[in-house]
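Read-outs: derived from the displayed coordinates by stated rules, not from any lab. No experiment lies behind these values; they were computed from the predicted model shown. Don't worry about glycine lacking a Cβ; one is built from the backbone with ideal geometry, like all the others, and counts go over all protein chains shown.
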Amino acid sequence: MVQTLQADHIQCGARVLPLDRTLIMGVLNVTPDSFYDGGRFFDHQQAMEHAERLVAEGADILDIGGESSRPGSDPVSAAEELRRVGRLIETLASNLNVPISIDTYKAETAARCLELGATMVNDITGLRDPAMREVVARHDVPAVIMHMQGEPKTMQQAPSYGDVVSDVKDFLARRACDAAAAGVRQVIVDPGIGFGKTVAHNMELLRRLQEFSDLPYPLLVGVSRKSSIGQITGASPDERLPGTLAATAIAVLNGANIVRVHDVKECKQAVQMAEAIREA
């Protein structure tokens, strides 16, 4: 079942992304310690080449991150985050014909990256910081509001919910209202698979994903190579592509409007098949 949305597109600067199909957000982490691709694209030239590859393979959006949010990770300063991503975002924005999203919860980082050419903010803390809401509103860009219980350093120690779907939906609705009150005009919601949740919580969210259609916002889902796949299958991050494809297809069948993935070429096929089955 496809969600009923208030908007039929996402406006990223001059670029319009129609929501008549599932969009693919390609992940590019410019970090030494991300759980899957940490260190692989820390070099500027390697990062550029990978970004170009993701776009050639079908990415509709590139999500650039300069700080790992894997469970147990330590935060970095805004200065270090900007050192990692600033030049890359400026170059990508000038050379690639897709929107660039900055994956950060720091208002200072977001503001500078939006000045350098990014046209979307992906905030794992759900626009918790009023300063971040102000930055997003001032630049008039879409923002991803993600749910996370706790902080990356401690979020997997003892996650607990009454009803995980209801609790996450309520959180997203409240944060979206806060964003609108601050002048944010475009909100995308993300239930935060793997962020302060057990395997059972993650599977329930995916199984009941259609319930998020009650929220009048595009729905982003990121399951790519996450630890839940490893805990179910025993596979290492390098071996989790088959599980990623299965979970991504199910997310699309259950209403995801955007999927955030590391493996664009392979996941695009999974998305196309899921859409064909859904629309049959």
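Here are some notes:
- Footprinting exposure proxy ranking of 12, 177, 113, fewest other C-beta atoms within 10 angstrom first, gives 177, 12, 113.
- Tensor-based shape of segment 122-260 (alpha-carbon gyration tensor, a/c under 1.5 rounded, otherwise prolate or oblate): prolate
- Projected label distance in nm at residue 154 and residue 79, using a 7 Å step from Cα toward the beta-carbon: 2.7
- Only DSSP H runs of four or more residues enter the estimate; each adds -39500 (n - 2.57), and after division by the residues of the chain the mean residue ellipticity at 222 nm equals -13000 deg cm²/dmol.
- Positive dipole terminus of the chain, leading residue within 62, 227, 86 (C-beta point charges): 227
- Convex hull volume per residue for the chain, taking Cα atoms only, in Å³: 113
- Total lysine pairs in segment 9-279 at Cα distances under 30 Å, for residues eight or more apart or on different chains: 15.
- Förster radius 51 Å - calculated FRET efficiency between residue 46 and residue 210, Cβ distance, rounded to 0.05: 0.85
- Normalising the average separation of contacting C-alpha pairs (under 8 angstrom, six or more residues apart) by the number of residues puts the relative contact order of the chain at 20 percent.
- Calculated SAXS-style log₁₀ I(q)/I(0) at q = 0.18, 0.23 Å⁻¹ - segment 91-200, Debye, Cα scatterers: -0.86, -1.18
- Cα gyration tensor shape for segment 149-204, rounded if a/c is under 1.5, else prolate or oblate: prolate
- Modelled FRET efficiency - R0 30 Å, residue 277 with residue 166, Cβ distances, 0.05 increments: 0.60
- Local charge for residue 103 was computed over the other residues whose Cβ lies under 12 Å away, with Lys and Arg +1 and Asp and Glu -1, and equals -2.
- Per-residue extension of 0.36 nm, minus the Cα-Cα distance of residue 174 and residue 108, leaves a gain of 21.4 nm for this segment.
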